[in-house]
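Report on the following structure.
The values are calculated or read from the model by the stated rules, or taken from the named source; none is laboratory data. Please read all numbers here as calculations on a predicted model, not as lab measurements. Cβ placement follows ideal geometry from the backbone for every residue including glycine, while neighbour counts extend to all protein chains displayed.
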Amino acid sequence: MQFWDTIVTYFRNFSMYLGTSQWQDYTEIIIIAILLYFTMKWMKNTRAWSLLKGLLVVLIFVLFAKVFHMDTILWLFSNILQFGVIALIVVLQPELRKALETLGRSNILGSVLYFGQQPGGDYLSDASIREIVRACSQMGRVRTGALIVIENKESINRIDETGIKVDAEITSQLLINIFEKNTPLHDGAVTVRNNRVSSATCYLPLSTSDMISKELGTRHRAAMGMSEESDAVIVVVSEETGRISVAHDGILDTNLTDETLTRILLSTVGKNTEEESEKNAKGKRRRRKHEDT
């Protein structure tokens, strides 16, 4: 095969190539190595890791065929390889989409361009957090299931549009009434935006991760799916156990107390987040002034 012949020729002439290398070549090698590292790190947590191990076995088999001149196998492999890349993209489409969404949620150019997407709303006030915690605590005691999506920096407008518009002040009584069994709005998730209950009966994407315990139900899987696709904070009250959980950045914290829930909300979507950012900015300005003097 031409591919293997090219590799063999390259290694034979490696010393000659090394003498003609410039700084751009070494820079490219470093960049490619970094990209390869992060690609392997990403693949390890997806189905692509199993596929990569399978491809490695195939490549070893092809190398074996090349050494012993099994031309028919090499011919079959070279023809299949033409469609293999397309097939790989189709198989890994969900993982590739999730990786691109993660890259899009990063702050690269985010402060300059929004590409048509509006940023998330204001931080959650202390009063709103108290009402949410009070509602979850009361629903947990009577084992009423609940699913609350709280907007963070990234807009959740696409999720908001799947439900019924509410646009009401956040109160524990309202949240309890929405999730009360056998009421029209209890099925689905409630979204919280701009310190208001925005919509109810919203549909969330379900997580396909194998790391979620089989003991957890659809609400927890939906919360994990939403946290994997956005930076939103999702609060879950289990209908079976009454336990409170929070999903954020693809991590699920379970069996939370009222105090722990309050602390998590304050640190992720609460006023403390804004104050901490301002405090860090002031600290940097002070350090710059000190260095200048």
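So is Ile148 in a strand (DSSP E or B), among the β-branched types (Val, Ile, Thr), closer than 22 Å to Ile264 by Cβ and in the same structural domain as Leu256 (by TED's automatic domain parsing) or not? Before the answer, list the steps.
Details: in a strand (DSSP E or B): yes; among the β-branched types (Val, Ile, Thr): yes; closer than 22 Å to Ile264 by Cβ: yes; in the same structural domain as Leu256 (by TED's automatic domain parsing): yes.
It is true that Ile148 is in a strand (DSSP E or B), among the β-branched types (Val, Ile, Thr), closer than 22 Å to Ile264 by Cβ and in the same structural domain as Leu256 (by TED's automatic domain parsing).
Given the conditions (1) part of a helix (DSSP H, G or I); (2) at pLDDT 90 or above, and given that Thr254 satisfies all but one, which numbered condition is not satisfied?
The one condition Thr254 does not meet is (1).
Results for (1) buried (at least 17 other Cβ atoms within 10 Å of the Cβ); (2) in contact (Cβ under 8 Å) with a residue 40 or more places away in the chain; (3) closer than 26 Å to Ser267 by Cβ, shown as yes or no for each residue.
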site	(1), (2), (3)
Asn152	yes, yes, yes
Asn157	no, no, yes
Glu161	no, no, no
Ser172	yes, yes, yes
Lys181	no, no, no
Leu185	no, no, no
Gly188	yes, yes, no
Val192	yes, yes, yes
Thr208	no, yes, no
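Does Glu239 satisfy being assigned to a loop (DSSP other than H, G, I, E, B), more than 20 Å from Asn157 (Cβ to Cβ), of a type outside the set (Lys, Arg) and touching a residue at least 60 places away in the same chain (Cβ under 8 Å)? Show your work before the answer.
Values: assigned to a loop (DSSP other than H, G, I, E, B): yes; more than 20 Å from Asn157 (Cβ to Cβ): yes; of a type outside the set (Lys, Arg): yes; touching a residue at least 60 places away in the same chain (Cβ under 8 Å): yes.
Yes; evaluated as a whole, the condition is true for this residue.
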